[in-house]
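All of the numbers you see were taken from the coordinates with simple rules; none came from a lab. Here the structure is a predicted model, which means the values were calculated and not measured. Cβ atoms come from the backbone with ideal geometry, glycine included; neighbour counts cover every protein chain shown.
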């Protein structure tokens, strides 16, 4: 292979371009650049589902005849003939299953992980319906609602992999054997505990080398969602499953009491003390790249979605979208970048599956888990039209920076303009609290830029890169030679290992001040949590507000008089964070969408945007927390909205503060 030759931009020219870069950036933003959308490359079509069928997709698999099998959360197994058509025929193959969230097909049989067992379904008499249900392996249940089971996936040797959710009792707990574990199970029912540390491992699969990866969801001990490489004996972060590590079958000896979160360490820092602790291969920054990661699927052919073979597609349930992950291996460890790929699906994504026609089949459900997509469930297909989008193809870590590869040659002036690049690194806390704010953020200084001879790669020389941090890499104003704007200008690269090599251009730098919350967004005078001293207790109208499963408040409407003094106690009875935000009439959607766009500042701001339309609000409350806020009702009568602005929740979690004349 011809060695890649970089066109070196002289040091003096680099800094001379700083003055020019602002003009360049402005011209690209406001000039005649071509702006294309995701739909210009990837079309989404709906698969019609008969009104009589509630197809809350838990698992999907294609059989040898090209039919699409779908297991549903309501315990049914359906077979879709001609799934590539908009109106396939539906045949119910099985029923009476216990919320199966996974499905595999092999040698004429279907394999399903129910809540309490791995089951094989067969049609031995050939009438199109399962007549034999065989239990391969049964695991115990405590009855906790959070004890979901996922899978299976087949290994080349015929073994199957399943993963088991932890329970939720105000915190993650393993109330039944092997909860929080990945298990290997043979077809004759022999199990091998493989790894633990999992909280909610809905998605797992294999890369082109056959290595196992799984996706995790934010929660206690889990600062944000991630994709992690899993090897036997790994501990991936959530300690509940260590309840069973004392058993002789366990591949590791780590105990719960060995996990000390009192020192305020990050997961990466803890991994220096705990050899079994596996760092995420790629973090998905919460509320920025998604809020609830789901299935993971290898792009095994460049004819399916473009020149991305060997990379992963990862679904996100809450944002109803698909992300793309490109990884590399440094010092034997996986790391890499996540990019946006395709938004706009109709419901919460649970499953991804390639069809025989090279289309991507997307299975969805939203019951109990709200999503941006407004449908309760569905199946959609995504088809690539053969056009290559102008995007970052991949990012490679260097000993003193990054190399960004593009899918098309870039326009030179835009590629070498320093102001067109911004890199900020950050990380998350590792402790028993639910999720984590962005912490220890630093803006990086780019020292130099090289453009490759073929103009498809840019080498960035960056000061102060830190192992164990996520790097937000933002490109503004970059255009292709054909004046196309970058479809997705942001990526997030997880840097676990710096490659060896020359680091002479690097130096330690102080953290770049990013401003306090008040400096950035103004003082928070809309959250009063102590009763004002001039209020009389008997003049205050008291209300209690709680939550119900499914991301909804337990009170749809409450009424106050204009100018009335109000004390509202909000209690979060759910298993994820919530707030309550009161807005001007009809402004819940605008405020909720602004909260989703707060980026790295979101968690620190309790996902409260600085908008005049926000009247008063609580803080962001974790599971089981409560807060009382005090406010005076508006002077104008009307229907004022209240809403949870935790990203994605504003679609379902809202109510009305009805203000009437005194």
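Given the Cα-Cα distance of residue 107 and residue 131 and 0.36 nm per residue of separation, how much length would full extension add, in nm?
Computed gain between residue 107 and residue 131 is 7.0 nm.
Between residue 157 and residue 255, what length comes free when the chain is fully extended (0.36 nm per residue of separation minus the Cα-Cα distance, one decimal in nm)?
In short, 32.2 nm is gained.
Suppose a student asked you for the relative contact order of the stretch 145-203, using Cα pairs under 8 Å spaced at least 6 residues apart; what percent would you report?
31
Could you compute the FRET efficiency for residue 303 and residue 248, with r as their C-beta to C-beta distance and R0 at 56 Å, rounded to 0.05?
0.70
Would you mind calculating the relative contact order of the stretch 39-384 from Cα pairs under 8 angstrom and at least 6 residues apart, reporting the percent as a whole number?
14
Under 15 Å from a label point 7 Å along Cα→Cβ of residue 662: give me every residue in the stretch 545-573 with its amide N that close.
Within reach of a label on residue 662, which here means backbone N under 15 Å from a point 7 Å along Cα→Cβ, the stretch 545-573 contributes 560-566.
By per-residue mean of other Cβ atoms within 10 Å, what is the highest-first order of 228-236, 538-546?
228-236, 538-546
Quick check on the chain: helices-only [θ] at 222 nm, where DSSP H runs of length 4 and up contribute -39,500 (n - 2.57) each and the sum goes over total residues. Nearest 500, please.
Counting only the DSSP helices, I get -2000 deg cm²/dmol.
If the chain between residue 466 and residue 593 were fully stretched, how many nm would it gain, using 0.36 nm times the residue separation less the Cα-Cα distance?
42.5 nm
Along Cα→Cβ, 7 Å out, is where each label goes; now give me the distance between the ones at residue 232 and residue 86 in nm to one decimal.
Modelled inter-label distance: 5.1 nm.
Taking the stretch 402-511 as the region of interest, what is the percent of Cα-Cα pairs per 10 angstrom bin, listed from the shortest bin to the one with the maximum distance?
So the P(r) values, bin by bin, are 13, 42, 30, 12, 2, 0.
Only Cα pairs under 8 Å and at least 6 apart count here; give the relative contact order of the stretch 520-660 as a rounded whole percent.
About 35 percent, as a whole number.
So what are the stretch 286-336's ellipsoid semi-axes, whole angstrom, largest first, if each one is the square root of 5 times an eigenvalue of the alpha-carbon gyration tensor?
20, 16, 8
Normalise the Debye intensity by I(0) for the stretch 311-404, one equal point scatterer per Cα, no solvent, then take log10 at q = 0.25 Å⁻¹ and round to two decimals.
Each listed q maps to, in turn, -1.21.
How big is the Rg/Rh ratio for the chain, C-alpha atoms only, Rh by Kirkwood, two decimals? Walk me through the intermediate numbers first.
Numbers: Rg = 25.8 Å, Rh = 26.4 Å.
Value, to two decimals: 0.98.
How fast does the stretch 400-447 diffuse by Stokes-Einstein, in µm²/s, taking the Kirkwood radius from C-alpha pairs at 4 °C and 1.567 mPa s?
Calculated translational D: 93 µm²/s.
So for the stretch 39-384, what are the equivalent ellipsoid semi-axes in whole Å, largest first, each being the square root of 5 times an eigenvalue of the Cα gyration tensor?
Output for the stretch 39-384: semi-axes of 31, 24, 18 Å.
Need one number: nm distance between label points at residue 541 and residue 488, each 7 Å from Cα along Cα→Cβ, rounded to one decimal.
4.7
When only alpha-carbon atoms are used, what values of Rg and Dmax, in angstrom, describe the stretch 520-660?
Looking at the stretch 520-660, its Cα Rg and Dmax stand at 14.1, 42 Å.
Can you tell me the FRET efficiency between residue 500 and residue 45 if r is taken as the Cβ-Cβ distance and R0 is 51 Å, rounded to the nearest 0.05?
The formula returns an efficiency of 0.60 here.
Need one number: nm distance between label points at residue 481 and residue 376, each 7 Å from Cα along Cα→Cβ, rounded to one decimal.
5.3
What whole number of Å gives the distance from the Cα centroid of the stretch 626-655 to the Cα centroid of the stretch 72-104?
About 40 Å separates the Cα centre of the stretch 72-104 from the one of the stretch 626-655.
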